[in-house]
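Accompanying notes for the structure given below.
The values are calculated or read from the model by the stated rules, or taken from the named source; none is laboratory data. This one's a predicted model, so the numbers in the text were calculated from it and none came from an experiment. Ideal geometry is used to build each Cβ from the backbone, glycine not excepted, and the neighbour counts take in all protein chains shown. Heads up: the accessible areas ignore ligands, DNA and RNA and are worked out on the full protein's heavy atoms, side chains in. Shrake-Rupley method; radii C 1.70, N 1.55, O 1.52, S 1.80 Å.
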Amino acid sequence: MPGESEDSRYMGAALRLARRGLGRTWPNPAVGCLIVGGAGEDARILGRGWTQPGGRPHAETGALAEAAEAARGATLYVTLEPCAHHGRTPPCAEAIIAAGIARVVSALRDPDPRVAGQGHEMLRQAGIEVMEGVCEDEALAVNIGHVTRVSQGRPFIQLKLAHSRDGRIAGPGREQVAISGDIARGWVHRMRAQADAILVGAGTLAADDPLLTCRLPGAAARSPVRVVLDSAKGAGPGARIFADAGGAPVWLLSAQEKAEERAGVLRGSSAEVIAIAADAGGRPEIGAAMSALGARGITRLMVEGGAEIAAALVAADLADEVVLIEGTLEIGEGGLKVFGREGPGLVASSRQFVLADEFALGEDHWRRYSRRG
């Protein structure tokens, strides 16, 4: 059987397969699976699979189908514990047993209470050797959205903001300013392709009129669900996003008392209005909005603005990750700061976050802060 170094190597390959599904498998997790026969120089890959768009077929199903009868006696590598419950399809654990797999190497136990160790136990009861925790940290990074949604009832929230060298995201009067270069913009579109949904506030919608699609060559189909957090005044119905019926779905999160009115205003557009409990200012309450997205199956949410929403997410301890892209220009006094009244130092000096990585993107600078603990 493969040794420990081989287990890590094959699991690394399974994780690369899993990443292919990011942004496309919700409400299911993005899982990768590899079936390997033999060991050492005689080892060969018999089957590969990853969760398909919409969450089915599962990764194990694809790999087992490709391996067919050759799967008997082989080792199966999977990035998340095989499911043990009946849903739209039978449990993957049952399919693994029926295929005659001799050994299963699993990266991460599934926190879903319908699984939560039961998949591994089902395999062991059938006489299959099970090894857990191989490349566990890497697997958690891939499925952090699934884990967050199951454990907290909301998506993993990644906040992304591009700011000038002096910590501003817009000019005086919220004037739109091109801050980052082509390399950084391409990187942001790659981030969009791996998100289930992307969110902006009504203020950003009014100021920038963004489409919020993924515009990398050949990646239009990977555009996430586009979400607008409504304001007390209401998002402008003339925004391009509401007329873009051919793009990704559009959801408007509106305060409960105004949801029916907003639905009437947007009737005939591509938007679906979702009613949310209101805060004291008559806007959708930020925590309730995140829970509503989780209830709809969103596991990974990318938030692109604006300053008020960014500040609210940090203040409510809802931002799991903050990505700041610093450009080279300076906007000067009167420009809108990253977090409204605060600059990027709000995150850089915060005890909530730790700098996880930073690097250059052409002339711009990328910094990613992760939640501590």
Item to check | Test: residue in segment 224-237 that is in contact with a strand residue (DSSP E or B) (Cβ under 9 Å, 6 or more places away or on another chain), of a type outside the set (Gly, Ala, Ser) and at positive phi | outcome: no
Item to check | Complete set of residues in segment 286-325 that are within 18 Å of Pro224 (Cβ to Cβ), assigned to a loop (DSSP other than H, G, I, E, B) and either free of Cβ contacts under 8 Å to residues at least 12 places away in the same chain or among the charged types (D, E, K, R) (or both) | outcome: Arg296, Asp320
Checklist entry - Given the structure, is Arg367 under 20 Å from Gly145 (Cβ atoms), under 25 Å from the mean Cα position of the chain (by Cα) and either open to solvent by 50 Å² or more (accessible area, probe 1.4 Å) or touching a residue at least 60 places away in the same chain (Cβ under 8 Å) (or both)? => result no
Next on the checklist: Looking only at segment 350-364, filter to residues that are over 22 Å from the mean Cα position of the chain (by Cα) and over 18 Å from Asp166 (Cα atoms); which one of those is most open to solvent (accessible area, probe 1.4 Å)?
Outcome noted: Arg351
Item to check | Residue that is least open to solvent (accessible area, probe 1.4 Å) [pool: residues in segment 13-29 that are outside any loop (DSSP other than H, G, I, E, B) and of a type in the set (D, E, K, R)] | outcome: Arg19
Item to check | Residue satisfying condition, being charged (D, E, K, R) and more than 26 Å from the chain's Cα centre (by Cα), within set Arg149, Arg174 | outcome: Arg174
Item to check | Scope segment 63-90; condition touching a Leu at 6+ places or on another chain (Cβ under 9 Å) and in a helix (DSSP H, G or I); matching residues | outcome: Ala63, Leu64, Glu66, Ala67, Ala68, Ala70, Ala71
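Would you check if there is a residue in segment 38-46 being part of a helix (DSSP H, G or I), of a type outside the set (D, E, K, R) and within 30 Å of Pro224 (Cβ to Cβ)?
no
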Checklist entry - Taking the stated definitions as given, is Pro90 modelled with pLDDT under 95 and within 16 Å of Leu17 (Cβ to Cβ)? => result no
Next on the checklist: Being touching a His at 6+ places or on another chain (Cβ under 6 Å) and modelled with pLDDT of 95 or more is the filter here; which residues of segment 103-142 pass it?
Outcome noted: Val130
Checklist outcome for this item: Filtering segment 137-172 down to residues that are open to solvent by less than 20 Å² (accessible area, probe 1.4 Å) and assigned to a loop (DSSP other than H, G, I, E, B) yields Asn143, Arg154, Pro155, Ser164, Gly167, Gly171
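Sort out which residues of segment 228-283 are open to solvent by 30 Å² or more (accessible area, probe 1.4 Å) and in a strand (DSSP E or B), and write them in order of number.
Glu272, Val273, Ala275, Ala278
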Item to check | Out of Gly247, Gly234, sole residue that is over 18 Å from Arg283 (Cα atoms) and in contact with a helix residue (DSSP H, G or I) (Cβ under 9 Å, 6 or more places away or on another chain) | outcome: Gly247
Item to check | Filtered residue count, segment 77-99, keeping only those that are open to solvent by less than 20 Å² (accessible area, probe 1.4 Å) and farther than 18 Å from Gly32 by Cα | outcome: 0
